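The values are calculated or read from the model by the stated rules, or taken from the named source; none is laboratory data. Source: prediction; values computed, not measured. A quick note on method: Cβ atoms are made from the backbone with ideal geometry, for glycine too, and the neighbour counts reach across all protein chains shown.
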Amino acid sequence: MSGGRVDVAVVGLGPAGRALASACATRGLRVVAVDPRPDAVWAPTYGVWEDELVGLPASVVRSRLAAPEVRAVDVHRLSRRYVVLDNVALQAALPLGDVDVRRGRLDDAGVAALTSSARVVVDARGARPQGLRVDDPAPAQTAFGVVVPADVAAPALQGAEALLMDWRTDWRADGDGAGTAGLRPSFLYAIPLGDGTVLLEETCLAASPPLHVEELEARLRRRLAARGVAPSAVDAPLGREVVHIPMRGRGRPPVEGTLAHGVAGRGGHVVTGYSVAHALRRSRTLADELAAGHAPRGVDAPAPADALREAGLRAVLRLDVEGTLALFDGFGRLPAHLQRAYMSRDGSLLDVATAMGSMFRRMPWSGRRELARATLLP
Ligand SMILES: Cc1cc2nc3c(=O)[nH]c(=O)nc-3n(C[C@H](O)[C@H](O)[C@H](O)COP(=O)(O)OP(=O)(O)OC[C@H]3O[C@@H](n4cnc5c(N)ncnc54)[C@H](O)[C@@H]3O)c2cc1C
């Protein structure tokens with residue numbers, strides 16, 4: 001790298017890397033960033049809780065949903081605003097004008113080599129910088145979604161403004177009396193995108209090995225048909241989205257001498273798979289630390305609450321369909337502040353323990369037994 005030693009080298013310009021590079025440059029640091037497609041608009045449909053989106057202009061919100069619902073056996077309206085991000089506006093709100101942006105794809109050795117030309121090297125290359133393997137066995141969230149006009153999607157929403165998680169089982173194969181024994185649960189995520197279209201996505205919250213996207217597409221097709229949505233919604237949608245989120249991020253320590261940020265590190269929530277709101281916030285505080293001359297030893301240090309979230313992931317991976325419905329009815333019955341604690345990447349041990357304990361007490365006895373078995377067995 002020419003031009004002398006820089007303050008920060010950021011590898012990867014997804015939400016985590018871009019937010020950090022931009023925040024560091026804004027604070028006057030000399031920043032180099034490397035990404036194979038630095039100008040690309042991010043493809044995923046990112047949703048976050050509005051209260052977790054701080055320090056950004058209103059333009060970054062594409063769609064605002066006042067009361068998304070969780071449906072399991074019962075219907076639960078969440079009194080918490082959920083927003084869909086406008087990726088073009090978000091990227092514009094994280095400008096790279098003062099960053100030396102380079103086009104390139106680096107392996108671990110290439111990232112490590114940057115330590116000779118940058119005071120701090122941050123690896124933000126995502127969970128799988130070498131590309132996703134179809135047979136990746138790590139626990140992952142997978143989903144298959146279609147974008148359709150709002151009037152086409154209306155029967156799927158069944159009167160809800162938005163469905164954050166609809167766990168009901170109308171995705172089952174009909175006609176053969178099929179139950180759900182042995183099947184991984186999945187839910188419908190149905191989110192208006194603010195431009196007269198709706199994302200309808202069949203999602204497996206987490207499975208190991210991950211549930212195949214083809215299976216999720218078939219379930220979406222059956223679920224939508226059961227609700228009276230025309231088959232063309234899946235056959236000829238306005239857009240498609242495929243999701244694969246390794247729940248534990250990269251799942252190995254950072255490259256020697258570097259920091260790992262976003263899902264390259266420990267920035268993701270191991271139960272929900274979400275990371276964007278946390279990464280945007282953490283980028284600012286990390287940039288503050290770097291601008292103050294500190295040399296942080298890690299970005300998202302291990303925390304006592306991690307063990308509880310890992311137990312939460314174990315439960316999600318092991319619970320059958322009935323147990324999962326009971327779990328999310330328990331979640332839906334929580335007061336809003338405990339729902340927040342359960343889903344937040346930043347909740348304290350006490351917050352998360354209180355939320356999980358309260359969920360447990362709000363479940364029926366059969367559900368509690370299943371949850372205890374799923375969580376506590378090795
Ligand atoms: C379809 C989809 C939908 C999602 N929806 C949500 C959501 O609604 N809310 C939420 O919070 N989370 C969501 N997630 C999960 C997670 O938050 C995202 O994966 C998020 O993009 C992670 O941000 P990141 O910057 O850490 O990594 P990434 O977004 O993966 O960014 C990594 C960057 O590194 C670059 N890169 C990769 N390899 C190399 C290399 N070898 N050298 C240099 N650069 C490299 C890539 O080009 C990319 O720009 C979703 C994920 C997917 C896949």
Tell me, which residue of the stretch 61-88 that is at pLDDT 95 or above and of a type in the set (Gly, Ala, Ser) is nearest to PHE187 (Cα to Cα)? ALA72
Residue match in the stretch 181-200 (condition: among the hydroxyl-bearing types (Ser, Thr, Tyr), outside any helix (DSSP H, G or I) and surrounded by 24 or more Cβ atoms within 10 Å (Cβ to Cβ)): yes
Hey, among the residues in the stretch 71-92 that are of a type in the set (Lys, Arg) and assigned to a strand (DSSP E or B), which one's farthest from ASP51 (Cα to Cα)? ARG71
Filter the stretch 308-326 down to residues that are part of a helix (DSSP H, G or I) and either assigned by TED's automatic domain parsing to the domain that holds THR169 or out of contact with any strand residue (DSSP E or B) (no Cβ under 9 Å at 6 or more places or on another chain) (or both), then give me how many there are. 13
Would you confirm whether any residue within the stretch 202-222 is among the β-branched types (Val, Ile, Thr) and not in a loop (DSSP other than H, G, I, E, B)? yes
What are the residues in the stretch 13-63 that are more than 17 Å from the chain's Cα centre (by Cα), surrounded by fewer than 22 Cβ atoms within 10 Å (Cβ to Cβ), near the ligand (Cβ under 9 Å from one of its atoms) and of a type outside the set (Lys, Arg), if any? PRO36, PRO38, ALA40
Close pairs (9 angstrom Cβ cut-off, 6 or more residues apart or separate chains): in a loop (DSSP other than H, G, I, E, B) in the stretch 283-301, among the acidic types (Asp, Glu) anywhere: HIS294/ASP288; ALA295/GLU289; PRO296/GLU289
From PRO137, PRO155, PRO95, grab the single residue that is away from the ligand (no atom under 14 Å from the Cβ) and either crowded, with 20+ Cβ neighbours inside 10 Å or outside any loop (DSSP other than H, G, I, E, B) (or both). PRO155
Is the stretch 32-54 home to any residue that is within 30 Å of VAL111 (Cα to Cα) and of a type in the set (Phe, Trp, Tyr)? yes
Qualifying position, being out of contact with any helix residue (DSSP H, G or I) (no Cβ under 7 Å at 6 or more places or on another chain) and of a type in the set (D, E, K, R), among GLU256, GLU241: GLU241
